[in-house]
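Since the structure comes first, as structure tokens, the remarks are kept for the end.
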Amino acid sequence: MPPRKPKAESIIPMINVVFLLLIFFLLTAQITPREPFEITPPESKSELAAQDRGVLYISAEGELAYDEARGEDVWPLIAARDDGEDLEIRADSAMPAHHLAAVLRQLRQTSDIGAQLVVNGG
């Protein structure tokens, strides 16, 4: 009788481990950059989606954030934009309107770009 071939190791457990790791990394990965502080935008009845580009964040207290800049340091970066697109503004719904008005005045003095206020779709 010829000698039997040794039974080949199954690779199914290895495939299972790889898929479990893939699922783990997909669930724990940071897909988009985190916002510099938590904001609650106002609700919108419009179905238009915001486009992806530089975003100016305004907290409920009136704090500003644009890319890595905070506070008054955002204005030189905004002035340096040359993409011709409107500036996207995401403001907290609890922010007083006079903070937004001051930001829009400063934006007009800083550059000739327009602004779009982004609100929650609802």
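May I ask you to work out the translational diffusion coefficient for the range 74-122 at 4 °C, viscosity 1.567 mPa s, via Stokes-Einstein with Rh from the Kirkwood sum over Cα pairs, reported in whole µm²/s? Show your work: numbers first, answer last.
Numbers: Rh = 11.7 Å.
Result for D is 111 µm²/s.
I'd like to know how the chain sits against the 2.2 N^0.38 Å rule of thumb: what's its Cα Rg over that expected value?
Relative to the 2.2 N^0.38 Å estimate, the chain comes out at 1.81.
Pull up all non-local amide H partners of L87: gap of 5 or more, or a different chain, and H-to-H distance under 5 Å with H placed in the peptide plane.
Those qualifying (amide H under 5 Å, at least 5 residues apart or on another chain) are G114, A115, Q116.
For the chain, report the accessible area per residue in Å² (1.4 Å probe, heavy atoms, rounded to an integer).
78
Amide H neighbours of V55 under 5 Å, counting only residues 5+ apart in sequence or on other chains, H built in-plane at 1.01 Å?
D67
Provide the per-residue ³J(HN,Hα) series for the range 26-39, in order, calculated from phi with Karplus coefficients 6.51, -1.76, 1.60 and θ = phi - 60°, each as a whole number of Hz, with x at glycine and proline positions.
So the J values, rounded to whole Hz, are 5, 6, 9, 6, 8, 6, 10, x, 6, 6, x, 8, 6, 10.
The values are calculated or read from the model by the stated rules, or taken from the named source; none is laboratory data. Because the structure is predicted, anything quoted here is derived from the model rather than measured. When the accessible area is computed, the model is the full protein with side chains, heavy atoms only, and any ligands, DNA or RNA have been set aside. Shrake-Rupley method; radii C 1.70, N 1.55, O 1.52, S 1.80 Å.
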